[in-house]
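Just below is one structure, and these are the notes that go with it.
The values are calculated or read from the model by the stated rules, or taken from the named source; none is laboratory data. In this text the structure is predicted, and so the values were computed from the model without any measurement. Virtual Cβ from ideal backbone geometry, glycine too; neighbours counted across all protein chains shown. The area values use the complete protein model at the heavy-atom level, side chains included, leaving out ligands, DNA and RNA. Shrake-Rupley method; radii C 1.70, N 1.55, O 1.52, S 1.80 Å.
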Amino acid sequence: MPPEAALTNDLARAMSQLSVEIGRGISLLIDRRGRVVTVAVGDAADTPLPVLAGEATSRLYGLRLVHTHLKPAGLSGDDLTTLFLNRLDAIVAIETESGGLPGQAHLAQLAPPTSEDEDWTVEAPMAVPALERVDLGERIRALEEELARGTGGREVARSSAERAVLIGLDAGDGLVEAELRLGELAELVRSAGGTVAWSSLQQRNHQDHKTLVGRGKLNELVSRAYHEDADLLVFDRELSPAQAREIEALTRLKVLDRTQLILDIFAQNARGREAQVQVELAQLQYQLPRLAGRGRAMSRLGGGIGTRGPGETKLEVDRRRIRDRIASLERAVDEISRRRSETRKRRTGASTPVVALVGYTNAGKSTLFNALAKEDAISRNRLFATLRPTTREGWLPALGEWGAKVLYTDTVGFIRDLPEELVNAFRATLEELHDADLLMHVVDAAQPGAPERVDAVQRILDGLGLEPPRLVVLNKADRADAEVLAGLRQRYGATAVSARTGDNLEALKATLARVLEGPTHVPLPDDPAASYGLAGHRGS
Ligand SMILES: Nc1nc2c(ncn2[C@@H]2O[C@H](COP(=O)(O)OP(=O)(O)OP(=O)(O)O)[C@@H](O)[C@H]2O)c(=O)[nH]1
Ligand SMILES: [Mg+2]
């Protein structure tokens, strides 16, 4: 076929004649050089679509689909969905007449992404000779150009950040909670190096077990992703392997869940062998049950968020080898854990008290650690900036048997619904907390939803079976709303500080000294420390 033509008269005739003879529709896939790549019997939606390597610059599929309709009808909903989901160069339907001659022809292409509401444009029906004169090559080039421009010069941003559509689900915890979660998911996307193109909150009591949100909603999301120039869907829930595959197959988009996103951030932030071993272990444990044939969207759009980290090349190796790798990583983690425990024993021998900073990710633990221990730990406005615990000494006002010296340990942050794989993989790191004399629970008081985050952290600490007493500290007082801060102080009986400005740090140190001094860690009556909230301490 001439590459520029949508179809030739001869080919149209041959197709309709054959269709009428066999009483079935026929479809062809034609590439940009006019070569027929596939011939199939059936409707557009039944045509097997080959996985194409595609040119790096091309955002369309590179193939047009031409097919026959035995009944006089234009492009069906299925035809247009096939066009849209696969980003075909174009779709053509030819009606066949009973004598075997071609009747009306119908042509549709994707609408440019800038047209807000339309996903496709359908031409008025035309006769086949008119179709032969359409310069389809030119139209495809124009559309490619529009796609490359994106909606308003996004190309610059595209190169560095993946654009994601977020899907939150309100599963009955209330709208406020669902919105907080969605905000957090956006924060996770940002920390993974992505950009949020669109977020959607789905209220759904009966979840569709196959697709989580239902097919109608998925179609809406695909359309949204197209217009927002996004190629990633991020779900605020853990997807089962079957759900992830189903959604990928239906949307042809890359699909990630919250756990994968968190694992990806950990992978990016893992510095040093210890953190890398633990992250790889967590990734492999997550991947193992999900190995069976990830969708083709994953292979087509490979790379970027969710595919990074030491485990990325392992996807292709078989389960057996992954299991072996997991076993060897488990041993490495045990070894790390043994070494860490020896270091701790030596420390305990020196009887210097240890204060471990724990708390929600991004609460300001590392910043506070730096301020208290005059250290230089990495602190960034990103989730999970710290993965490796660091210990440094600091000084408290000398009181009683403890003397003045104290060891501070900065640790990895927590998040609600912390993936199990991470808790297991990071056991060597989390064990650090068992031998602490005090867990200083750092709370970001400047962000809405502090009580929910406090509860989430307490749950994780409980789940780890941690016994050391806990002391809540409200951080970012410099940015917090005065009224909210007062409410939180009352609720937790906690000190408010600002790690950034250094505000109230001396008072915090005095409290620490007092709390550490008491052999039972129980604050005395009339002791101002009593008002500093020893949350979760047994017997207090
Ligand atoms: N305004 C203000 N910002 C703060 C304060 N403390 C920390 N921050 C900022 O909050 C962000 C997170 O701080 P980090 O110290 O990295 O938080 P973290 O708890 O160690 O976080 P992860 O290690 O990622 O779990 C950084 O941008 C800090 O500059 C504070 O007292 N006031
Ligand atoms: Mg940190």
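Simple spin-label estimate for Asp46 and Glu21 gives 1.8 nm between the two label positions (7 Å along the Cα-to-Cβ direction from each Cα). Using the Cβ of Pro3 as centre and a radius below 10 Å, the other residues enclosed give a net charge of +1, where K and R count +1 and D and E count -1. FRET efficiency for the pair Leu101 and Ser76, taken as 1/(1 + (r/R0)^6) with r the Cβ-Cβ distance and R0 = 22 Å, rounds to 0.55.
Hey, which of these cross-link pairs are over 19 Å Cα-Cα: Lys345/Lys509; Lys365/Lys509; Lys374/Lys509; Lys374/Lys405; Lys210/Lys254? Those over the limit are Lys345/Lys509. Averaging the Cα positions of each part gives two centres, and for segment 159-219 and segment 1-42 these lie 41 Å apart.
Full extension of the segment from Ser240 to Asn424, taken as 0.36 nm per residue of separation minus the current Cα-Cα distance, would add 64.3 nm. For segment 79-96, the Karplus equation 6.51 cos²θ - 1.76 cosθ + 1.60, evaluated at θ = phi - 60°, returns couplings of 4, 5, 5, 4, 4, 6, 5, 9, 6, 4, 4, 5, 10, 10, 10, 10, 6, 10 Hz by residue, with Gly and Pro reported as x.
The slack in the chain from Thr501 to Ala130, taken as 0.36 nm per residue of separation less the alpha-carbon distance, amounts to 126.2 nm. With all protein chains kept in place, the per residue accessible area of segment 1-109 amounts to 43 square angstrom at a probe of 1.4 angstrom. Ligands, DNA and RNA left out, the accessible area of the chain computed with a 1.4 Å probe is 49% carbon and sulfur. On C-alpha positions alone, give me the angle between the axis of helix 258-269 and the longest principal axis of the chain, in degrees, nearest 10. Approximately 70 degrees, to the nearest ten. On full extension, the segment bounded by Leu201 and Lys345 gains 46.9 nm, given 0.36 nm per residue less the C-alpha separation. Helix content alone sets the calculated 222 nm mean residue ellipticity of the chain: runs of n ≥ 4 DSSP H residues at -39500 (n - 2.57) each, divided across all residues, give -12000 deg cm²/dmol. As a calculated quantity, the FRET efficiency between Thr38 and Arg323 at R0 = 30 Å, using C-beta atoms, amounts to about 0.20. Only Lys, Arg, Asp and Glu carry charge here, each on its Cβ (+1 for the first two, -1 for the last two); on that basis segment 452-508 has a dipole of about 60 debye about its Cα centre.
Tell me the angle of helix 272-287 to the major Cα principal axis of the chain, expressed in degrees between 0 and 90 and rounded to the nearest ten. Result, in degrees: 50. Residues Lys345, Lys405, Lys509 ordered from highest to lowest accessible area at a 1.4 Å probe: Lys345, Lys405, Lys509. Here each label is just a point 7 Å from Cα along the line to Cβ, and for His209 and Asp334 those points are 3.8 nm apart.
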